[in-house]
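Visitor: Have a look at this one.
The values are calculated or read from the model by the stated rules, or taken from the named source; none is laboratory data. Predicted model only: the values in this text are computed from it and were never measured. Please note: Cβ atoms are built from the backbone with ideal geometry, for glycine as well, and neighbour counts cover all protein chains shown. We work out accessible area using only protein heavy atoms, side chains counted, and drop any ligands, DNA or RNA first. Shrake-Rupley method; radii C 1.70, N 1.55, O 1.52, S 1.80 Å.
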Amino acid sequence: MVGKNDNVGVAVSGGKDSMTLLYLLNKIFKPTKVKLTALAIDEGIKEYRDPNFKFVKDFCKKYGINLMTYSFKKEVGKTLDEIKKKDSETIPCTYCGVFRRNILNKKALELKLDKIATGHNLDDEAQAILMNQFRKNVRASVTMGPITGIEDDEKFVKRIKPLYFLTEKEVATFAFLNGIMDKFVECPNAVLGYRNAIRDWLNEFEKKYPGTKYNVVASFLSILPIVKEGYKRSENRKRIRYCIRCGSATSKEICQSCLLIERLGIKGH
Ligand code: SF4
C-alpha cells in the first residue's frame, strides 16, 4: 500500500478508526522516509465536530504529526448544520460524504500527496458492499477494495485502507487499550443514514452467524478482479472526465460536488 518514499495523507475525523490509523502509521513510518500529513475536515456539526477537532489537534501536537485543517464553510460556503436547515429532505450524509471526498482529493493534489489513507474497517466495507448490491450500484462496487479506484488518473489521489481486515470491535479495543482514546462519540446524523439500517442488520446477522462480515468482504474480494476487468471492457463503462466547473475528476460532465452546491443555491463556488 505504501511505497518507500511516499508522501501519505491520513484522513482523520477524531474518531477511533482514523486516530488508531494515524497512531499506527506514525509508529511504523516515523523511522522511515515516508512522510505523513494528517488531513482533518470540519464539516460544521456543532456538538460533534468541535470536541473531536480539539482532540485531533492535541493528538497531532503530542506525536509531532503535521496537521492540515479544512472546513465545509470555507470550501463549499456552508456548514453541514446550515445545509441541514436549507435542505431537510435529504439525509445530511449525502452532502457530507460527497463534499468530504472532493475536498480531500483537491487538497491532496495541492499538497502533492501520493496516497490518502482512511480508517475504513471490515465493518465499514461489509456495509458498503451490501449497500452497493442493494442499490445496484455497480460503478461504486468496482472502485472499492483495500486500494480504491479502477484506473490511475493524475487528478485522482489513490485511497488506501490499512485497517481493511480489522473489525470495528478490534479497532475500538485497540484504541481503548492503548490509551488512544477513552470515549467514543458518534455523529448525531449517523442514525439517519441508509448505512445505519444495514449496520444494525449486519450486526444482528454477525451475532447469530459469526464470521458473516468477514465472509461478505472475502467473497467480494475474490470476485473483484473479474468484475473490474469486465467493467473496463464494458460498453457502459464511464470514463474519467474532468468537471467543467471545478476541474475535479468525475464520470459526468459536472461532478457530484458541484451539482450539490448548485442544488443548495450557493453562489461563488
Ligand atoms: Fe457526515 Fe453522516 Fe458521517 Fe455524520 S454520519 S460525519 S453526517 S457522513
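Visitor: Being over 27 Å from I266 (Cβ atoms) and either surrounded by 13 or more Cβ atoms within 10 Å (Cβ to Cβ) or more than 14 Å from the ligand (Cβ to nearest atom) (or both) narrows it down to one of K78, K62, K86, so name that one.
Guide: Within the list K78, K62, K86, the selection yields K62.
Visitor: Give the residues of the range 21-52 that are free of Cβ contacts under 8 Å to residues at least 12 places away in the same chain and within 16 Å of the ligand (Cβ to nearest atom), sorted by residue number.
Guide: If the condition is that a residue be free of Cβ contacts under 8 Å to residues at least 12 places away in the same chain and within 16 Å of the ligand (Cβ to nearest atom), then D50 is the only one that fits.
Visitor: Applying the selection to the range 94-153, what residues are assigned to a loop (DSSP other than H, G, I, E, B), of a type in the set (V, I, T) and either in contact (Cβ under 8 Å) with a residue 40 or more places away in the chain or open to solvent by 30 Å² or more (accessible area, probe 1.4 Å) (or both)?
Guide: T118, T143, I150
Visitor: Can you tell me how many residues within the range 221-269 are among the basic types (K, R), within 26 Å of Y164 (Cβ to Cβ) and over 23 Å from the mean Cα position of the chain (by Cα)?
Guide: Counting residues in the range 221-269 that are among the basic types (K, R), within 26 Å of Y164 (Cβ to Cβ) and over 23 Å from the mean Cα position of the chain (by Cα) gives 2.
Visitor: Could you pull out the residue among G44, G15 that is closer than 26 Å to I83 by Cα and touching a Ser or Thr at 6+ places or on another chain (Cβ under 8 Å)?
Guide: Going through G44, G15 in turn, just one is closer than 26 Å to I83 by Cα and touching a Ser or Thr at 6+ places or on another chain (Cβ under 8 Å): G44.
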